[in-house]
Amino acid sequence: MDRSEIENRIKNLLVSELGLDESRVSAEATFEEDLEVDSLGVVELLMALEDEFGVKIPDEEAEEIGTVGEAVDVVEAKLAG
Amino acid sequence: MVRYAEITGWGKCVPPSVLSNSDLEVLTDTSDDWITTRTGIKERRISHVNVSDMAVVASLHALAAANLEPTDIDLILLATCTADLVIPSAASLVQAKLGATNAAALDLNAACSGWIYALNVGTQMVRSGGHNRVLVIGAEKLSFLLDFTDRSTAVLFGDGAGAVVLEATEEPVGLRSVEIGTDGSVADILCVPGVGTAGNRYQGDPSDYAVHMDGPEVFRRAVTAMGEASSRVVEQAGLSVDEVDLLIPHQANVRIIDATARKLKLAPEQVFVNIASYGNTSAATIPMALTEALQEGRVEPGANIVFAAFGAGLTWAAAVVRWGRRVEPLGTSDAHLPPVDKTAAELLEANVAFYGEGRRSE
């Protein structure tokens, strides 16, 4: 799975699972500030990522995720093993 | 003869004093919009009486629906984590107030999962032949264990009670499959540190008397446990998801309910939600919701109902119940709590004074 496919699937998740407006979701967008995702929303996102990509994201790595692009980074690294 | 335990009566008790989200805006730094979008809760009830009083009213409605007298009951199980007193059990007080002189009575504490635990215990007691008519009650006064200046927990909980009557029958109805589970190793992410004999009886920190919760962690575990346990009990009952007529989940947060329903791939009309009116009443949410589901005609004869819950302990529980033929009550009761001359905010004046004005401006 290449990076652009991961990014597209994550953007789709943000729209379908968290109900975010597609036009606001960019790689640079921060979850807390730009997308106004609250603490439970971050948990929902992580669980959705784990389901979607079949990966396990430990808490310490989850804490590093601040933007959509950083979520793509983490998933890409996980899938690369 | 194979014995089953059928739910033949149901009832609830809703305390009259309503605490709305806008009332909470006065007590702590929050807003109706913030609470509604994050939890789905619009208002909750604050009780002016004790847990046993609410349990008695819910039980009288359940007994009327089953056309039974209190003396017909031979076991009272009261699921609660907010009993009137440590000694005696709240169930003993309920037994006395009902005049259920033929019943043994005990409390059962599995926090928010407690009512499903009690339904399981009651069903097994009937199936084994030891008891014939059991009251299974969930009743809570969570307002006692809150800091109403702490917006992260004060907005979530409320008071109330629900009860059902279980009766022995030869019809294959009632509990079809059930799972109860506990993970005590992470109990500290949802607890009240100072109420109980481990607390500092003489000079405790005020915050020790209130609910402490790691919200995101509880949320993650609740969604996973309720979804997975529900899936397992549906499979154990030999049902497909299409055959689930109604999911009645513990009402803790509408986002946990939605996530659980998504995991099970249930449509919105297969899920009963009343959290907007009551918030999280812990062990009382499911029997209250079941009573309302019946009153609203959401339960058909022979329906397959799934219950699912998660709570402090940490505990979780899920069950499939096959409903019997009767969905109408045999009788009604006019039992109600004594009137109250205070608003919900007035009932909380001592709480807000105890926790201090300073928290509001933080």
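The values are calculated or read from the model by the stated rules, or taken from the named source; none is laboratory data. From a predicted model like this one, the values you see are computed outputs, not experimental measurements. Here the Cβ positions follow ideal geometry from the backbone for every residue, glycine too, while neighbour counts run over all protein chains shown.
Inside the stretch B:127-175, can you point out the residues that are within 22 Å of the chain's Cα centre (by Cα) and of a type in the set (V, I, T)?
Within the stretch B:127-175, B:V134, B:V136, B:I137, B:T153, B:V155, B:V164, B:V165 qualify.
Looking at (1) aliphatic (A, V, I, L, M); (2) in contact with a Phe, Trp or Tyr (Cβ under 8 Å, 6 or more places away or on another chain); (3) over 25 Å from B:N351 (Cα atoms); (4) more than 14 Å from every other protein chain (Cβ to nearest Cβ), which is the one condition that is false for B:V211?
Unmet condition: (3).
Of all the strands (runs of 3 or more DSSP E) wholly in the stretch B:39-133, which have at least 3 residues that are modelled with pLDDT of 95 or more, in contact with a helix residue (DSSP H, G or I) (Cβ under 9 Å, 6 or more places away or on another chain) and under 28 Å from B:W323 (Cβ atoms)?
Filter on the stretch B:39-133 gives B:75-79, B:104-108.
Which residue, of A:E76, A:E32, A:E52, is within 14 Å of chain B (Cβ to nearest Cβ) and either modelled with pLDDT of 90 or more or loosely packed, with under 14 Cβ neighbours inside 10 Å (or both)?
Details: A:E76 fails: within 14 Å of chain B (Cβ to nearest Cβ); A:E52 fails: either modelled with pLDDT of 90 or more or loosely packed, with under 14 Cβ neighbours inside 10 Å (or both).
After ruling out the rest, the residue left standing is A:E32.
Just the residues that are more than 14 Å from chain B (Cβ to nearest Cβ) and not hydroxyl-bearing (S, T, Y), please, taken from the stretch A:61-73.
Of everything in the stretch A:61-73, those that are more than 14 Å from chain B (Cβ to nearest Cβ) and not hydroxyl-bearing (S, T, Y) turn out to be A:E61, A:E64, A:G66, A:V68, A:G69, A:E70, A:A71, A:V72, A:D73.
Quick check: is even one residue across the stretch B:53-69 crowded, with 20+ Cβ neighbours inside 10 Å, within 21 Å of B:E346 (Cα to Cα) and in contact (Cβ under 8 Å) with a residue 12 or more places away in the chain?
Yes, there is a match, as at least one residue in the stretch B:53-69 is crowded, with 20+ Cβ neighbours inside 10 Å, within 21 Å of B:E346 (Cα to Cα) and in contact (Cβ under 8 Å) with a residue 12 or more places away in the chain.
Would you be able to tell me the number of residues in the stretch B:104-120 that are in contact with a Leu (Cβ under 6 Å, 6 or more places away or on another chain) and more than 24 Å from B:F157 (Cα to Cα)?
Matching residues across the stretch B:104-120 total 1.
Anything in the stretch B:206-225 that is out of contact with any Leu (no Cβ under 9 Å at 6 or more places or on another chain) and either in contact (Cβ under 8 Å) with a residue 60 or more places away in the chain or more than 25 Å from B:N280 (Cα to Cα) (or both)? List them, or say none.
Going residue by residue through the stretch B:206-225, those that are out of contact with any Leu (no Cβ under 9 Å at 6 or more places or on another chain) are B:206-208, B:223-224.
The answer is B:P206, B:S207.
Give the residues of the stretch B:258-286 that are surrounded by fewer than 23 Cβ atoms within 10 Å (Cβ to Cβ) and outside any loop (DSSP other than H, G, I, E, B), sorted by residue number.
Taking the stretch B:258-286 as the starting set, the residues that turn out to be surrounded by fewer than 23 Cβ atoms within 10 Å (Cβ to Cβ) are B:258, B:261-274, B:276-277.
Selection gives B:D258, B:A261, B:R262, B:K263, B:L264, B:P268, B:E269, B:Q270, B:V271, B:A276, B:S277.
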